[in-house]
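Working notes for the structure below.
Rule-based calculations on the coordinates, nothing more; no lab input. Values in this document were obtained by computation on a predicted structure and should not be read as measured data. FYI the Cβ positions are ideal-geometry reconstructions off the backbone, even for glycines, and counts take in every protein chain you see.
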Amino acid sequence: MSDVPKQRFPKAEEDIRQSQGVPETPQTLSPTYRLAFADDDFLCRDELRPVRLQLELLKCEMKLEEEGIRSTIVMFGGARIPAPEKKATARTPVLAELSHFYGEAEEFARLMTMRSLLQDGKEDVVITGGGPGVMEAGCKGAELAGGRSISLNIVLPHEQAPNEYATPELAFNFHYFAIRKMHFLMRAKAITVFPGGFGTLDELFETLTLVQTQRMKPLPILLFGKAFWRSIINWDALAAAGTISDEDIRLFRFVETAEEAVQIISEWPTV
């Protein structure tokens, strides 16, 4: 097998160019004549959903493999949390008060990226959803440290372009939430969760469920802002009701500052 020339067959790109240069006839203009892998209408059919799921998994995975990225530090959090200097634009007084977590997210990402760069920049790479709010703070902190961040955007009805601090060559766009979640967790060394809404809660509970059911190895799950989290979720009531065990509450820890979070991650036992 190793003696077979690599270019024995034409590359797919060559055939695409070749097919675009054929004369226009009723036959060549027919949709059936298009190369299957270059036919957007065909690839978007419902029957091709398994193929699209595979492509979304592979595109990001192959790029991260090429970049040699071995582990990530996940930053979940609200898109609506403003930077402190923009707190006056917050839609509610509570959001304005939560703006200080933008600063903590930025500082946390900066500290973790500095730690990453002390190695080879392939471990502890910050990964966010690539949007505004906490996600922007994470990308900004990584940039301030002179490093890179991974951004996993997703197509939404209201356009959410990557924030200006997202590293261009590591900015991805997704159609499927499920595949996006997989990429958040596949290389995760720690999960940090800042105040947020439905999306943040979804990501948090998905992670907790995976660890609780032992489908994912234990890792630091750090919730920034104890007062916020205790105000929106009655964790003790869940345990008292018996719907979760007392041990499940110990799957996560509350933190308030970037320095506190970095210390916990640094002290976490390696396997």
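Taking amide hydrogens as placed 1.01 Å from N in the peptide plane, the amide H of residue 129 sits under 5 Å from those of 152, each at least 5 positions away in sequence or on another chain. For the chain, a Gaussian network of Cα nodes joined below 10 Å ranks 241, 227, 145 by mean-square fluctuation, and the top entry is 241. Springs between Cα atoms under 10 Å define the GNM used for the chain, and in it the highest mean-square fluctuation of 142, 240, 166 occurs at 240. Given the pairs 122/217; 181/217; 189/217, which are separated by over 18 angstrom at their Cα positions? In this structure, 122/217 lie more than 18 Å apart at Cα. Are there any GluC sites (Glu not before Pro) in region 5-46 that are in a DSSP loop and have at most 14 other Cβ atoms within 10 Å? List them by number. Listed in order of number, the matching sites are 24.
Converting phi to 3J(HN,Hα) with the Karplus coefficients 6.51, -1.76 and 1.60 and the offset θ = phi - 60°, region 50-60 yields x, 5, 5, 4, 5, 5, 5, 5, 6, 4, 5 Hz in sequence order, with x at every glycine or proline.
Between residue 249 and residue 230, the modelled label-to-label distance comes to 1.1 nm, taking each label 7 Å out from Cα in the direction of the beta carbon. Placing +1 on each Lys and Arg Cβ and -1 on each Asp and Glu Cβ, with no other charges, gives region 7-58 a dipole about its Cα centre of roughly 180 debye. For the pair region 193-253 and region 105-179, the centres of their Cα atoms are 23 angstrom apart. Taking all C-alpha pairs of the chain, those more than 34 Å from each other amount to 30 percent.
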